[in-house]
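Visitor: Questions regarding the structure given below will be posed in turn.
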Amino acid sequence: MTMQTLTIDSQVHAYERDHPERPWRNFLRGPAEVTGDDMVAAMDAVGVDGALLVSPFTLYRYDASYALEVYAKHPGRFGLIKPFNPRSEAVAEEIAEWARTPGVVGARLMLTPRSGDADDPGLNRILAACATAGIPLNVMCWGHLALVRGLARRHPNTQVVIDHVGLSQPFAPPVPPNPFAELPTVVSLAAHDNVAIKISGACTLSHQPFPYPDIWEALGQIFKAFGFGRCLWGTDWTRAVDLLTYEQGVEAFRITAQLSEAERAALMGGSLVKIYNWSPNKGR
């Protein structure tokens, strides 16, 4: 299998059942557990070669111990990403240590109404540390796109990757009436060469059943603005579990006539390999 034909999901999550040794910090809508073994089985069933495994903030906050366990069991299938606390004075050292950990491909920043502005010292420490460590910063930024613009402008040497099309996405039906309302702002971020975007969870923005034909006009605007070299397909499994199956999240992008074969190859794996400097190895 050549690198160009790899299928790589840019965002999946795995977690155990809530238990005293690794307690949940909050409730996560979805199955009681989706173990690393479960995730690998789901990927194998539809021919997904690998995925970026993002430690779920809702359940584990800044503790990535379960993701590390999954990687140890399936080292060829997952690249690891974990969130970091911008209020930690030692966040630069924490990111440097994380970047040295086997399997790590990136860090994550969760923006909230309390995150501050582009002058915030903690946010700037995180972006600077990712540039120094040479790993992309994945940003969960629903409703905070202007802040992403300011941070990306300040840190042109930091590879920023916007999570989930930069748009608020539902955890369960119904889909919001105008899910692409902020699309012009999302598209405007393409002006910054250091910003890429995950087309993850996009199927959950559709008002129509599989194969979700009403998402493609909006996605086309993103593809045109960013170019396929900066767009990364993903399912956001398991957040999307109440809206579609894993297979549907994969196949919708495989069967659409909206993508050429070259565009599909870049979107569903090729561009991720370049941005994260990582590719799966199913033989390991």
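Nothing in this text is a laboratory measurement; each read-out follows from the coordinates by a stated rule. Computed from a predicted model, the values in this text were never measured in an experiment. Because the Cβ atoms are built from the backbone with ideal geometry, glycine has one as well, and the counts that use them run over all protein chains shown.
Visitor: Mean residue ellipticity at 222 nm from the helices of the chain, using -39,500 (n - 2.57) per DSSP H segment of n ≥ 4 over the full residue count, to the nearest 500 deg cm²/dmol? Display every interim value, and only then the final one.
Guide: Numbers: 11 runs with 94 residues, N = 284.
Theoretical 222 nm ellipticity from helices: -9000 deg cm²/dmol.
Visitor: So for Leu53, Leu147, fewest C-beta neighbours within 10 Å to most, what's the order? Write out the running numbers ahead of the final one.
Guide: Values: Leu53 28, Leu147 18.
Starting with the residue having the fewest Cβ neighbours, the order is Leu147, Leu53.
Visitor: Hey, another quick one. Considering only DSSP states other than H, G, I, E and B, which trypsin sites (Lys or Arg not before Pro) in region 24-88 qualify as loop sites with at most 16 other Cβ atoms within 10 Å? Spell out each step's value before the answer.
Guide: Details: sites: Arg25, Arg29, Arg61, Lys73, Arg77, Arg87; in loops: Arg25, Arg29, Arg61, Arg77, Arg87.
Answer in residue order: Arg25, Arg29, Arg61, Arg87.
Visitor: Further, regarding this structure: Can you give the percent of C-alpha pairs in region 1-131 whose distance is more than 21 Å? Spell out each step's value before the answer.
Guide: On the way: 3897 of 8515 pairs.
The answer is 46 percent, as a whole percent.
Visitor: Continuing with this model, one more query. Restrict the search to region 1-43; then list the chymotrypsin sites (Phe, Trp or Tyr not before Pro) that DSSP places in a loop and that have at most 16 other Cβ atoms within 10 Å of their Cβ.
Guide: Values: sites: Tyr15, Trp24, Phe27; in loops: Trp24, Phe27.
The qualifying sites are Trp24, Phe27.
Visitor: Determine Rg/Rh for region 163-250; Rg is computed over alpha-carbon atoms and Rh is the Kirkwood hydrodynamic estimate from the same atoms.
Guide: 0.95
Visitor: Can I ask one more? For the chain, what number results from the quotient of the Cα radius of gyration and 2.2 N^0.38 Å? Numbers along the way, then the final one.
Guide: Values: Rg = 17.4 Å, N = 284, 2.2 N^0.38 = 18.8 Å.
The reported ratio for this selection is 0.93.
Visitor: Counting only GluC sites (Glu not before Pro) that are in a DSSP loop and have at most 15 other C-beta atoms within 10 Å, tell me the longest site-free stretch of the chain. Let's see the in-between values first.
Guide: Values: sites that count: Glu21, Glu33, Glu89.
Answer from the scan: 90-284.
Visitor: Hey, another quick one. Which residue, Ala90, Ile197, Tyr212, has the largest displacement toward the positive end of the dipole of region 3-276 when charges sit on each Cβ (Lys, Arg +1; Asp, Glu -1)?
Guide: Ala90
Visitor: Here is a further query. Within 10 Å of each residue's Cβ, count the other Cβ atoms and sort His164, His19, His207 from fewest upward.
Guide: Details: His164 26, His19 9, His207 12.
The order, fewest Cβ neighbours first, is His19, His207, His164.
Visitor: Also: Can you figure out the FRET efficiency of Arg25 with Asp119, using R₀ = 30 Å and their beta-carbon distance, to the nearest 0.05? The partial results should precede the final answer.
Guide: Numbers: r = 29 Å, r/R0 = 0.96.
Given R0 = 30 Å and the Cβ-Cβ separation, E is 0.55.
Visitor: Over region 3-276, calculate the relative contact order: mean separation of alpha carbon pairs under 8 Å at least 6 apart, over the residue count, as a percent.
Guide: Numbers: 505 pairs, mean separation 54.5, N = 274.
After rounding, I find 20 percent.
Visitor: Right, here's the next one. Count the DSSP beta bridges whose two residues both fall in region 16-115, then state the antiparallel fraction as a percent rounded to the nearest 5.
Guide: Values: 1 of 9 bridges.
Expressed as a percentage, antiparallel bridges in region 16-115 total about 10.
Visitor: May I ask you to derive the FRET efficiency for Lys282 and Thr245 from their Cβ-Cβ distance with R0 = 22 Å, giving the value to the nearest 0.05?
Guide: Approximately 0.50, to the nearest 0.05.
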